[in-house]
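Working notes, structure below.
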Amino acid sequence: MSVAKRNCDDRKVTTHRLVEMKQRGEKISMLTAYDYSMAKIVDEAGMDVILVGDSASNVIAGNTTTLPITLDQMIYHGKSVMKAVKRALVVVDLPFGTYQGNSKEAVSSAIRVMKETHAESIKIEGGIEICKSVERIISAGIPVMGHLGLTPQSINRFGTYTVRAREEAEAKRLLEDAHLLEEVGCFAIVLEKIPASLGAQVASELTIPVIGIGAGNGVDGQVLVIHDMLGMTDDFSPRFLRRYANLKDVMTKAVQSYIEDVKREDFPNEKEQY
Ligand code: KIV
(Lines give C-alpha, C1' and ligand atoms only; values in the text may rest on other atoms or scores of the structure.)
Protein backbone atom coordinates (compact mmCIF):
# COMPACT_ATOMS: atom_id res chain seq x y z
CA MET A 1 0.00 0.00 0.00
CA SER A 2 1.50 3.33 -0.97
CA VAL A 3 1.37 6.36 1.31
CA ALA A 4 -0.31 9.51 0.01
CA LYS A 5 2.07 12.20 -1.16
CA ARG A 6 2.26 15.33 0.98
CA ASN A 7 0.23 18.14 -0.48
CA CYS A 8 2.98 20.62 -1.32
CA ASP A 9 3.94 23.05 -4.03
CA ASP A 10 5.31 20.85 -6.84
CA ARG A 11 7.71 23.47 -8.19
CA LYS A 12 11.43 22.80 -7.91
CA VAL A 13 12.88 24.30 -4.71
CA THR A 14 15.56 26.88 -5.46
CA THR A 15 17.81 29.00 -3.26
CA HIS A 16 15.53 31.98 -4.06
CA ARG A 17 12.43 30.10 -2.96
CA LEU A 18 14.11 29.33 0.38
CA VAL A 19 14.59 33.06 0.97
CA GLU A 20 10.92 33.65 0.08
CA MET A 21 9.94 30.94 2.58
CA LYS A 22 11.90 32.73 5.29
CA GLN A 23 10.26 36.04 4.35
CA ARG A 24 6.76 34.62 4.70
CA GLY A 25 7.64 32.69 7.87
CA GLU A 26 7.33 29.20 6.35
CA LYS A 27 9.75 26.81 8.07
CA ILE A 28 12.21 24.93 5.86
CA SER A 29 12.49 21.13 6.13
CA MET A 30 15.85 19.51 5.42
CA LEU A 31 17.12 15.93 5.82
CA THR A 32 20.18 14.06 4.70
CA ALA A 33 20.16 11.31 2.05
CA TYR A 34 23.07 9.47 0.50
CA ASP A 35 21.59 7.04 -2.03
CA TYR A 36 18.95 6.77 -4.77
CA SER A 37 16.26 4.80 -2.91
CA MET A 38 16.29 6.91 0.25
CA ALA A 39 16.47 10.19 -1.71
CA LYS A 40 13.42 9.14 -3.76
CA ILE A 41 11.38 8.53 -0.61
CA VAL A 42 12.49 11.79 0.99
CA ASP A 43 11.86 13.85 -2.14
CA GLU A 44 8.45 12.32 -2.83
CA ALA A 45 7.47 12.96 0.80
CA GLY A 46 7.85 16.68 0.08
CA MET A 47 11.19 17.63 1.67
CA ASP A 48 12.41 21.14 0.83
CA VAL A 49 16.16 20.51 0.98
CA ILE A 50 18.17 17.27 0.76
CA LEU A 51 21.69 17.35 2.14
CA VAL A 52 24.20 14.84 0.84
CA GLY A 53 26.08 15.24 4.11
CA ASP A 54 29.58 14.13 4.91
CA SER A 55 27.83 12.35 7.79
CA ALA A 56 27.86 9.56 5.16
CA SER A 57 31.31 8.96 6.61
CA ASN A 58 29.61 7.91 9.88
CA VAL A 59 26.30 6.34 8.92
CA ILE A 60 27.27 4.76 5.60
CA ALA A 61 31.01 4.06 5.90
CA GLY A 62 31.10 3.39 9.67
CA ASN A 63 33.84 5.88 10.52
CA THR A 64 33.82 7.60 13.91
CA THR A 65 34.28 11.06 12.35
CA THR A 66 33.48 12.82 9.07
CA LEU A 67 37.18 13.32 8.30
CA PRO A 68 37.98 10.21 6.21
CA ILE A 69 35.34 10.61 3.48
CA THR A 70 36.82 11.67 0.13
CA LEU A 71 35.63 13.98 -2.63
CA ASP A 72 35.19 10.97 -4.96
CA GLN A 73 32.99 9.27 -2.37
CA MET A 74 30.87 12.41 -1.86
CA ILE A 75 30.48 12.70 -5.62
CA TYR A 76 29.33 9.05 -5.78
CA HIS A 77 26.65 9.77 -3.14
CA GLY A 78 25.68 13.07 -4.80
CA LYS A 79 25.21 11.40 -8.19
CA SER A 80 23.03 8.65 -6.71
CA VAL A 81 20.82 11.18 -4.89
CA MET A 82 20.48 13.44 -7.93
CA LYS A 83 19.12 10.56 -10.03
CA ALA A 84 16.13 10.37 -7.67
CA VAL A 85 15.34 13.96 -6.80
CA LYS A 86 12.81 16.02 -8.75
CA ARG A 87 11.65 18.72 -6.32
CA ALA A 88 14.01 19.27 -3.38
CA LEU A 89 17.04 21.54 -3.54
CA VAL A 90 20.12 19.31 -3.26
CA VAL A 91 23.18 20.45 -1.29
CA VAL A 92 26.42 18.41 -1.28
CA ASP A 93 29.01 18.76 1.50
CA LEU A 94 32.60 19.48 0.48
CA PRO A 95 34.54 16.99 2.61
CA PHE A 96 37.45 17.67 4.94
CA GLY A 97 40.68 18.48 3.12
CA THR A 98 39.13 19.63 -0.15
CA TYR A 99 38.72 23.37 0.54
CA GLN A 100 40.69 24.39 3.64
CA GLY A 101 44.06 24.62 1.85
CA ASN A 102 43.31 27.63 -0.35
CA SER A 103 40.48 29.17 -2.34
CA LYS A 104 41.75 27.72 -5.67
CA GLU A 105 41.47 24.20 -4.25
CA ALA A 106 38.03 25.08 -2.85
CA VAL A 107 36.74 26.26 -6.24
CA SER A 108 38.03 23.22 -8.08
CA SER A 109 36.45 20.87 -5.50
CA ALA A 110 33.13 22.71 -5.76
CA ILE A 111 33.27 22.64 -9.57
CA ARG A 112 33.89 18.89 -9.55
CA VAL A 113 30.84 18.37 -7.35
CA MET A 114 28.62 20.49 -9.59
CA LYS A 115 29.91 19.00 -12.87
CA GLU A 116 29.85 15.37 -11.79
CA THR A 117 26.76 15.19 -9.56
CA HIS A 118 24.52 17.85 -11.16
CA ALA A 119 23.59 19.01 -7.64
CA GLU A 120 22.49 22.61 -7.20
CA SER A 121 24.73 23.79 -4.36
CA ILE A 122 27.48 22.91 -1.91
CA LYS A 123 28.00 23.33 1.84
CA ILE A 124 31.24 24.09 3.65
CA GLU A 125 32.11 24.47 7.32
CA GLY A 126 33.66 27.55 8.91
CA GLY A 127 33.53 31.32 9.27
CA ILE A 128 36.03 34.08 8.53
CA GLU A 129 38.79 31.58 7.70
CA ILE A 130 36.90 30.26 4.65
CA CYS A 131 35.32 33.51 3.44
CA LYS A 132 37.73 33.97 0.52
CA SER A 133 36.92 30.46 -0.67
CA VAL A 134 33.19 31.09 -0.33
CA GLU A 135 33.53 34.26 -2.42
CA ARG A 136 35.47 32.48 -5.16
CA ILE A 137 33.08 29.53 -5.27
CA ILE A 138 30.10 31.88 -5.53
CA SER A 139 31.80 33.92 -8.25
CA ALA A 140 32.10 30.66 -10.21
CA GLY A 141 28.29 30.53 -10.11
CA ILE A 142 27.94 27.95 -7.35
CA PRO A 143 25.50 28.58 -4.48
CA VAL A 144 27.08 28.02 -1.06
CA MET A 145 25.47 27.04 2.25
CA GLY A 146 27.57 27.89 5.32
CA HIS A 147 27.87 25.81 8.51
CA LEU A 148 28.75 27.27 11.94
CA GLY A 149 28.65 26.19 15.59
CA LEU A 150 29.66 22.58 16.02
CA THR A 151 31.53 21.89 12.79
CA PRO A 152 32.32 18.15 12.85
CA GLN A 153 35.29 18.47 10.46
CA SER A 154 37.06 20.41 13.26
CA ILE A 155 36.38 17.82 15.95
CA ASN A 156 40.08 17.32 16.62
CA ARG A 157 40.45 21.03 17.41
CA PHE A 158 37.32 21.11 19.61
CA GLY A 159 38.13 17.76 21.28
CA THR A 160 34.44 17.16 22.08
CA TYR A 161 30.97 17.15 20.46
CA THR A 162 29.53 19.29 23.24
CA VAL A 163 27.34 22.39 22.71
CA ARG A 164 29.26 25.29 21.13
CA ALA A 165 29.12 29.05 21.73
CA ARG A 166 27.86 28.97 25.32
CA GLU A 167 30.59 31.48 26.24
CA GLU A 168 30.00 35.10 25.27
CA ALA A 169 33.21 35.43 23.26
CA GLU A 170 32.46 32.39 21.09
CA ALA A 171 28.83 33.46 20.64
CA LYS A 172 30.01 36.92 19.49
CA ARG A 173 32.43 35.33 17.01
CA LEU A 174 29.70 33.05 15.67
CA LEU A 175 27.37 36.02 15.16
CA GLU A 176 30.11 37.92 13.32
CA ASP A 177 30.89 34.87 11.17
CA ALA A 178 27.19 34.46 10.30
CA HIS A 179 26.99 38.10 9.15
CA LEU A 180 30.19 37.67 7.17
CA LEU A 181 28.89 34.55 5.40
CA GLU A 182 25.73 36.45 4.49
CA GLU A 183 27.78 39.40 3.20
CA VAL A 184 29.97 37.24 0.96
CA GLY A 185 26.84 35.68 -0.56
CA CYS A 186 25.91 32.38 1.16
CA PHE A 187 22.28 31.54 0.39
CA ALA A 188 21.72 29.87 3.78
CA ILE A 189 23.58 28.77 6.91
CA VAL A 190 23.39 25.65 9.07
CA LEU A 191 23.87 26.20 12.80
CA GLU A 192 24.76 23.07 14.72
CA LYS A 193 24.44 22.46 18.46
CA ILE A 194 24.36 25.96 19.92
CA PRO A 195 22.07 27.60 22.52
CA ALA A 196 18.53 28.19 21.21
CA SER A 197 18.67 31.89 22.13
CA LEU A 198 21.75 32.36 19.93
CA GLY A 199 20.13 30.44 17.05
CA ALA A 200 17.10 32.72 17.25
CA GLN A 201 19.29 35.82 17.36
CA VAL A 202 21.24 34.78 14.25
CA ALA A 203 18.01 33.96 12.38
CA SER A 204 16.46 37.31 13.28
CA GLU A 205 19.54 39.34 12.28
CA LEU A 206 20.13 37.59 8.94
CA THR A 207 17.99 37.88 5.82
CA ILE A 208 19.15 34.48 4.49
CA PRO A 209 17.59 31.27 5.92
CA VAL A 210 19.21 29.75 9.01
CA ILE A 211 18.70 26.00 9.35
CA GLY A 212 19.30 24.46 12.76
CA ILE A 213 20.37 21.08 14.08
CA GLY A 214 20.29 21.40 17.85
CA ALA A 215 19.90 25.19 17.53
CA GLY A 216 16.36 25.52 18.92
CA ASN A 217 13.11 26.41 17.19
CA GLY A 218 13.73 30.12 16.66
CA VAL A 219 15.60 29.39 13.42
CA ASP A 220 14.12 29.23 9.90
CA GLY A 221 14.23 25.47 9.43
CA GLN A 222 15.50 22.17 10.78
CA VAL A 223 17.86 19.46 9.54
CA LEU A 224 18.53 15.95 10.89
CA VAL A 225 20.55 12.96 9.74
CA ILE A 226 18.03 10.54 8.24
CA HIS A 227 19.46 7.38 9.82
CA ASP A 228 19.13 9.00 13.25
CA MET A 229 15.56 10.32 12.86
CA LEU A 230 14.36 7.01 11.40
CA GLY A 231 15.86 5.14 14.35
CA MET A 232 18.26 3.07 12.25
CA THR A 233 21.00 4.09 14.68
CA ASP A 234 20.66 3.62 18.44
CA ASP A 235 24.15 4.58 19.58
CA PHE A 236 23.65 8.32 19.05
CA SER A 237 21.10 10.11 21.25
CA PRO A 238 21.78 13.82 21.59
CA ARG A 239 19.02 15.91 23.19
CA PHE A 240 18.12 17.53 19.85
CA LEU A 241 17.33 14.22 18.13
CA ARG A 242 13.68 13.24 17.76
CA ARG A 243 13.19 9.66 16.50
CA TYR A 244 10.20 9.38 14.18
CA ALA A 245 10.45 5.60 13.75
CA ASN A 246 12.33 2.63 15.08
CA LEU A 247 13.55 1.19 11.79
CA LYS A 248 16.31 -0.75 13.50
CA ASP A 249 13.64 -2.89 15.21
CA VAL A 250 11.48 -3.13 12.09
CA MET A 251 14.45 -4.16 9.94
CA THR A 252 15.84 -6.61 12.49
CA LYS A 253 12.45 -8.34 12.76
CA ALA A 254 12.11 -8.53 8.97
CA VAL A 255 15.62 -9.96 8.57
CA GLN A 256 14.99 -12.51 11.35
CA SER A 257 11.70 -13.59 9.73
CA TYR A 258 13.51 -14.12 6.44
CA ILE A 259 16.23 -16.21 8.13
CA GLU A 260 13.54 -18.30 9.81
CA ASP A 261 11.59 -18.80 6.57
CA VAL A 262 14.74 -19.89 4.70
CA LYS A 263 15.78 -22.30 7.48
CA ARG A 264 12.38 -23.98 7.69
CA GLU A 265 12.09 -24.11 3.88
CA ASP A 266 9.00 -21.93 3.88
CA PHE A 267 10.62 -19.50 1.43
CA PRO A 268 10.23 -19.63 -1.50
CA ASN A 269 6.77 -21.17 -1.63
CA GLU A 270 4.92 -22.55 -4.71
CA LYS A 271 3.88 -19.08 -5.89
CA GLU A 272 7.37 -17.66 -5.47
CA GLN A 273 9.13 -19.96 -7.92
CA TYR A 274 9.12 -20.67 -11.67
O1 KIV B 1 26.86 16.03 7.24
C2 KIV B 1 25.78 16.30 7.78
O3 KIV B 1 24.89 15.46 7.93
C4 KIV B 1 25.58 17.66 8.26
C5 KIV B 1 24.37 17.93 9.08
C6 KIV B 1 24.59 17.45 10.45
C7 KIV B 1 23.96 19.36 9.03
O8 KIV B 1 26.38 18.51 8.01
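Exactly one residue out of ILE28, ILE60 is among the β-branched types (Val, Ile, Thr) and open to solvent by 30 Å² or more (accessible area, probe 1.4 Å): that is ILE60.
For every residue, the table says whether it meets (1) assigned to a helix (DSSP H, G or I); (2) on the phi > 0 side of the Ramachandran plot; (3) surrounded by fewer than 15 Cβ atoms within 10 Å (Cβ to Cβ); (4) more than 14 Å from the ligand (Cβ to nearest atom).
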| residue | (1), (2), (3), (4) |
| --- | --- |
| ARG166 | no, no, yes, yes |
| LEU175 | yes, no, no, yes |
| GLY212 | no, no, no, no |
| HIS227 | yes, no, no, no |
| ASP234 | no, no, yes, yes |
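State whether one or more residues within the stretch 58-76 are under 15 Å from VAL225 (Cα atoms), in the same structural domain as MET30 (by TED's automatic domain parsing), touching a His at 6+ places or on another chain (Cβ under 6 Å) and within 13 Å of the ligand (Cβ to nearest atom). Among the residues of the stretch 58-76, at least one is under 15 Å from VAL225 (Cα atoms), in the same structural domain as MET30 (by TED's automatic domain parsing), touching a His at 6+ places or on another chain (Cβ under 6 Å) and within 13 Å of the ligand (Cβ to nearest atom), which makes the answer yes.
Every residue, every condition in (1) in contact with a helix residue (DSSP H, G or I) (Cβ under 8 Å, 6 or more places away or on another chain); (2) farther than 22 Å from ASP54 by Cα, yes or no:
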site	(1), (2)
ILE122	yes, no
PRO143	yes, no
VAL163	no, no
GLU168	no, yes
LEU180	yes, yes
PHE187	yes, no
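Out of all the residues in the stretch 57-76, is one or more of a type in the set (Gly, Ala, Ser) and without any contact (Cβ under 8 Å) to a residue 24 or more places away in the chain? Yes, the stretch 57-76 contains at least one residue that is of a type in the set (Gly, Ala, Ser) and without any contact (Cβ under 8 Å) to a residue 24 or more places away in the chain.
Look at the stretch 135-160: where a residue is within 18 Å of THR14 (Cα to Cα) and a partner is within 11 Å of the ligand (Cβ to nearest atom) and open to solvent by less than 60 Å² (accessible area, probe 1.4 Å), sitting 6+ places away or on another chain with Cβ atoms under 6 Å, you get MET145/VAL91; MET145/LYS123; GLY146/ILE189. Scan the stretch 97-117 and give yes if some residue there is within 11 Å of the ligand (Cβ to nearest atom) and either free of Cβ contacts under 8 Å to residues at least 40 places away in the same chain or open to solvent by 10 Å² or more (accessible area, probe 1.4 Å) (or both), otherwise no. There is no residue in the stretch 97-117 that is within 11 Å of the ligand (Cβ to nearest atom) and either free of Cβ contacts under 8 Å to residues at least 40 places away in the same chain or open to solvent by 10 Å² or more (accessible area, probe 1.4 Å) (or both).
For the stretch 177-194, residues that are assigned to a loop (DSSP other than H, G, I, E, B), farther than 21 Å from ARG136 by Cβ and open to solvent by less than 30 Å² (accessible area, probe 1.4 Å) total 1. Filter the stretch 40-50 down to the residues that are out of contact with any Leu (no Cβ under 7 Å at 6 or more places or on another chain), closer than 22 Å to LYS22 by Cα and of a type outside the set (D, E, K, R), then identify the one that is farthest from the ligand (Cβ to nearest atom). Step by step, filter the stretch 40-50, then rank; the result is GLY46. For the stretch 195-210, residues that are more than 14 Å from the ligand (Cβ to nearest atom), open to solvent by less than 20 Å² (accessible area, probe 1.4 Å) and assigned to a helix (DSSP H, G or I) total 3.
The values are calculated or read from the model by the stated rules, or taken from the named source; none is laboratory data. Remember, predicted model here, so these are calculated numbers, not experimental data. We place every Cβ from the backbone using ideal geometry, glycine too, and count neighbours over all the protein chains shown. Quick note on the areas: whole protein, heavy atoms, side chains included, nothing else; ligands and nucleic acids left out. Shrake-Rupley method; radii C 1.70, N 1.55, O 1.52, S 1.80 Å.
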